[in-house]
Amino acid sequence: MFLAPFAASEARDGIKPGNDTTADVTGDGLDDFIYFESDRTIKIAASTGTIFSYKTTWSSTAFNEAYGAWFADVTGDGRADAIGIQEYNDGSAIRVIVRRSNGSSFLPEEEWYNETGWSGWTRFDFKDVTGDGKADFVLNRNVPGGDGIFVASSNGNGFNTRTAWTLDSFVPDRQMYYEDVTGDGKADAIAHNDNSILVRASTGTSFGPVSTWLSVAFNGTKGVWVTDVTGDGKADFIVENADGVQVRTSSGTSFLGSGYWTSALGGNLPTWIARVNSDNKSDIIYRYYLLQNCVPQPSCNGWGIIRYSDGATFLSPVYWY
């Protein structure tokens, strides 16, 4: 059993086959470990709150996609579903495919959205920007001078026709994120630049004006995440570099001063940050080395290591798998 190497910055264009991510697919409020295997099947190691259970197959058939797979709750039932984007008509059209989670497997494919005359969107995400508990389809051309960010909101059984949420382009130097940094339950648009972080807060029907939340460089060579590590309902900005993990907490209107929450994690394999227990704070998941063909604890120790957040730092390592 093993986790394939993965870009530590958490892909925002879907994870590619052979890579892994985290999301709550069982609906118990805890993030589970998701393997998107090289053959495009999907396996899950569910979080119990104290360990990751041995991985089980949730989809034995290939989940075909053109841009990777996402895992987000588009139905509003509390369980993250599997989402893929496919191309057809020689790439001039796209369709969004959803496989609903029933808590123990992913159901057959459903088409939730299609668009002909597709004109080359380069950035996709699935986040709840409306605040109704269902992840929406966010499209951003992601090129300077583009026509802005569009959203196709989820109605629980499909994505509605996309509408413009900005009238101008919003393009970062580094990466776009859609997370709730204001604490109002709606994911905001966040542009991570070389020397600043800009936010356009969601109103529920559009992204508001650009606001500078940080005016200095805050970059990670090993990973960047936007998630709530303090437990106050506002996503914070986290970076990992060779010397450790730094956090700038969200005040609701800016990212505050930086502090190291842990020194270097060690090892050369990916890091994930996810909410694996019930304290509403996201924790660090990492490994020192790759293990193959092993069985659950104790012989797999070193595979899945957790450092819990206490709201101000990441605590000592605990083996989860």
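Assorted remarks:
Yes/no matrix, rows are residues, columns are (1) surrounded by fewer than 22 Cβ atoms within 10 Å (Cβ to Cβ); (2) modelled with pLDDT of 95 or more:
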{"position": "Phe2", "(1), (2)": "yes, no"}
{"position": "Ala11", "(1), (2)": "yes, no"}
{"position": "Pro17", "(1), (2)": "yes, no"}
{"position": "Asp20", "(1), (2)": "yes, no"}
{"position": "Val25", "(1), (2)": "no, yes"}
{"position": "Tyr35", "(1), (2)": "no, no"}
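- One residue stands out in region 126-154 among those that are free of Cβ contacts under 8 Å to residues at least 60 places away in the same chain and aliphatic (A, V, I, L, M): the one that is most open to solvent (accessible area, probe 1.4 Å), namely Val143.
- In region 234-264, the qualifying residues are those that are without any contact (Cβ under 8 Å) to a residue 40 or more places away in the chain and of a type in the set (A, V, I, L, M), and the one that is surrounded by the fewest Cβ atoms within 10 Å (Cβ to Cβ) is Ala242.
- Among the residues making up region 222-233, those that are over 18 Å from Gly131 (Cα atoms) and either surrounded by 16 or more Cβ atoms within 10 Å (Cβ to Cβ) or at pLDDT below 95 (or both) are Lys222, Gly223, Val224, Trp225, Val229, Thr230.
- Any hit, region 195-205, residues being within 28 Å of Arg100 (Cα to Cα) and in a strand (DSSP E or B): yes
- Condition met for Asn157 (within 25 Å of Arg79 (Cβ to Cβ), open to solvent by 60 Å² or more (accessible area, probe 1.4 Å) and modelled with pLDDT of 95 or more): yes
- The one condition in (1) crowded, with 21+ Cβ neighbours inside 10 Å; (2) part of a loop (DSSP other than H, G, I, E, B); (3) modelled with pLDDT of 95 or more that Asn219 fails to fulfil: (1)
- When Arg141, Arg174, Arg162 are checked against the criterion of being in contact with a His (Cβ under 9 Å, 6 or more places away or on another chain) and on the phi < 0 side of the Ramachandran plot, Arg174 stands alone in meeting it.
- Any hit, region 173-185, residues being surrounded by fewer than 20 Cβ atoms within 10 Å (Cβ to Cβ), closer than 23 Å to Tyr67 by Cβ and in contact (Cβ under 8 Å) with a residue 60 or more places away in the chain: yes
- Residue check, Gly204 closer than 20 Å to Ile305 by Cα and touching a Ser or Thr at 6+ places or on another chain (Cβ under 6 Å): no
- The residues of region 43-52 that are within 16 Å of Ser104 (Cβ to Cβ) and either without any contact (Cβ under 8 Å) to a residue 40 or more places away in the chain or open to solvent by 40 Å² or more (accessible area, probe 1.4 Å) (or both), listed by number, are Lys43, Ile44, Ala46, Thr48.
- Criterion (out of contact with any strand residue (DSSP E or B) (no Cβ under 8 Å at 6 or more places or on another chain), assigned to a loop (DSSP other than H, G, I, E, B), touching a residue at least 60 places away in the same chain (Cβ under 8 Å) and open to solvent by less than 30 Å² (accessible area, probe 1.4 Å)) met by exactly one of Gly103, Gly91: Gly103
The values are calculated or read from the model by the stated rules, or taken from the named source; none is laboratory data. Note that the structure is predicted; figures quoted are calculated from it, not measured. All Cβ positions, glycine included, derive from the backbone under ideal geometry; neighbour counts span all protein chains shown. To get the accessible areas, we keep the full protein, side chains included, count just its heavy atoms, and leave off ligands, DNA and RNA. Shrake-Rupley method; radii C 1.70, N 1.55, O 1.52, S 1.80 Å.
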